[in-house]
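Notes follow the structure.
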Amino acid sequence: MRILGLTLLTFLTLWNATSAQGNDRIVFNHGDRFQYDLHWSLIKVGQAELLFQKEPMDQNGRDMIHVIFTARTSGIADKLFKVRDVIEAWIDPETGRPILYLKKQREGKTNRDVRVEFD
């Protein structure tokens, strides 16, 4: 599941690099949803989803892009090593820079919450 988190972080970094190069075209739209089946060898062990939404975040009601990534195990994998991860990021559509990053990691006996606010 850590690979999935790294995938989201890589995506956000690339998005930021593209924005920094002066490309102001936003590739993803409100409501875009990517769904993935997670497999271990030939056995399906879970699902993951990447969702893009626009929502007001700051005091001025300015819209931010809210990226939500969820990963969860199912079936026999859920009994062996239960995973319920949620990673969220809020991105300023004008600059392409992240504003807030939240991670709620629930993997086996590990419970970890991370909050990063960017200046």
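Confirm whether Val67 is open to solvent by less than 40 Å² (accessible area, probe 1.4 Å) and more than 19 Å from Asp119 (Cβ to Cβ). It is true that Val67 is open to solvent by less than 40 Å² (accessible area, probe 1.4 Å) and more than 19 Å from Asp119 (Cβ to Cβ).
Checked against (1) loosely packed, with under 11 Cβ neighbours inside 10 Å; (2) in a strand (DSSP E or B), Leu51 passes all but a single condition, namely (1). Looking only at the stretch 72-87, decide whether some residue is surrounded by 17 or more Cβ atoms within 10 Å (Cβ to Cβ), within 13 Å of the chain's Cα centre (by Cα) and either at pLDDT below 95 or among the acidic types (Asp, Glu) (or both). Looking for residues that are surrounded by 17 or more Cβ atoms within 10 Å (Cβ to Cβ), within 13 Å of the chain's Cα centre (by Cα) and either at pLDDT below 95 or among the acidic types (Asp, Glu) (or both), one finds at least one in the stretch 72-87, hence yes. Restricting attention to the stretch 93-111, does a residue exist that is within 13 Å of the chain's Cα centre (by Cα) and farther than 19 Å from Glu49 by Cα? Within the stretch 93-111 (the criterion being within 13 Å of the chain's Cα centre (by Cα) and farther than 19 Å from Glu49 by Cα), the answer is yes, since at least one residue qualifies.
The values are calculated or read from the model by the stated rules, or taken from the named source; none is laboratory data. Bear in mind the structure is a predicted one, so any value in this text is a computation, not a measurement. Please note: Cβ atoms are built from the backbone with ideal geometry, for glycine as well, and neighbour counts cover all protein chains shown. Heads up: the accessible areas ignore ligands, DNA and RNA and are worked out on the full protein's heavy atoms, side chains in. Shrake-Rupley method; radii C 1.70, N 1.55, O 1.52, S 1.80 Å.
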